[in-house]
């Protein structure tokens, strides 16, 4: 009996010492994930390899109240929270290079959902020809509906395997491959289907090419 009591007391002392030691240790902090810089043999640019050239500076969207609207010439107007978009649709990855008219470029591994999947759910009407994108800062741009469907265009929420930073367009930015950078709209809040083939977005109405093809000049 005495041996059992002595053993119990010894264990109690050991546990007390351990608890005191643990109490003196700071708790582990969760660090932000590191971005990848290589993908399938391709070198990737850093998410910081961008110049700030937005019309009103970086936007910081309140994600708790965020809604993505699908509007215009559709059978069903849709509204999604951030989580409903990224969890409700198949996600895809694609390494694509953004070319800016200022002369710099960045190759990033983008991850997101297909714009065409979002539009299919809403049901474009037969007369819809143009997709107009609206941003949190008031910026707009447009692209032909056929381009969106035929090229598997992504609306990205990740860059190089990390959540897109606010400075790069969080919650969503368009990966408008084969187009100049001003078509890569950030902070997307609404996608509108239209029949207005003459629609011009922010830079387009200031003289920039509406097609924005990389193999052509960016001024009309």
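The values are calculated or read from the model by the stated rules, or taken from the named source; none is laboratory data. Computed from a predicted structure; not experimentally measured. So basically every Cβ, Gly included, is an ideal-geometry build from the backbone, and we count neighbours across all protein chains shown.
Among the residues of the stretch 153-167, count how many are under 22 Å from residue 73 (Cβ atoms) and either in contact (Cβ under 8 Å) with a residue 40 or more places away in the chain or surrounded by fewer than 15 Cβ atoms within 10 Å (Cβ to Cβ) (or both).
The first filter runs over the stretch 153-167 and keeps only residues under 22 Å from residue 73 (Cβ atoms), leaving 153, 155.
If we keep only those that are either in contact (Cβ under 8 Å) with a residue 40 or more places away in the chain or surrounded by fewer than 15 Cβ atoms within 10 Å (Cβ to Cβ) (or both) as well, we get 155.
Residues meeting the conditions: 1.
Answer with yes or no whether residue 101 is in contact (Cβ under 8 Å) with a residue 24 or more places away in the chain and not in a strand (DSSP E or B). First the steps, then the outcome.
Values: in contact (Cβ under 8 Å) with a residue 24 or more places away in the chain: yes; not in a strand (DSSP E or B): yes.
Against the criterion (in contact (Cβ under 8 Å) with a residue 24 or more places away in the chain and not in a strand (DSSP E or B)), residue 101 qualifies.
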Task: Selection count, the stretch 189-217, where residues are surrounded by 21 or more Cβ atoms within 10 Å (Cβ to Cβ) and touching a strand residue (DSSP E or B) at 6+ places or on another chain (Cβ under 6 Å) - done: 4
TODO: List every residue pair whose Cβ atoms lie under 8 Å apart, where the two residues are 6 or more positions apart in sequence or sit on different chains, the first residue falls within the stretch 189-211 and is more than 10 Å from residue 144 (Cα to Cα), and the second residue, located anywhere, is in a strand (DSSP E or B) and modelled with pLDDT under 95.
DONE: 207/219; 208/219; 209/219
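In the stretch 107-124, is there at least one residue being buried (at least 22 other Cβ atoms within 10 Å of the Cβ), under 20 Å from the mean Cα position of the chain (by Cα), in contact (Cβ under 8 Å) with a residue 60 or more places away in the chain and assigned to a helix (DSSP H, G or I)?
From the stretch 107-124, those buried (at least 22 other Cβ atoms within 10 Å of the Cβ) are 108-110, 112, 115; that's our starting set.
Next cut, under 20 Å from the mean Cα position of the chain (by Cα) only: 108-110, 112, 115.
Imposing the further condition that a residue be in contact (Cβ under 8 Å) with a residue 60 or more places away in the chain reduces the set to 108-110, 112, 115.
Checking which are assigned to a helix (DSSP H, G or I) leaves us with 115.
Scanning the stretch 107-124, I find at least one residue that is buried (at least 22 other Cβ atoms within 10 Å of the Cβ), under 20 Å from the mean Cα position of the chain (by Cα), in contact (Cβ under 8 Å) with a residue 60 or more places away in the chain and assigned to a helix (DSSP H, G or I), so the answer is yes.
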- [ ] Search the stretch 50-67 for residues that are under 15 Å from residue 101 (Cα atoms) and pair each with any residue that is surrounded by fewer than 12 Cβ atoms within 10 Å (Cβ to Cβ) and at pLDDT 95 or above when their beta-carbon atoms are under 8 Å apart and the residues are at least 6 apart or on different chains.
- [x] 51/102; 53/102
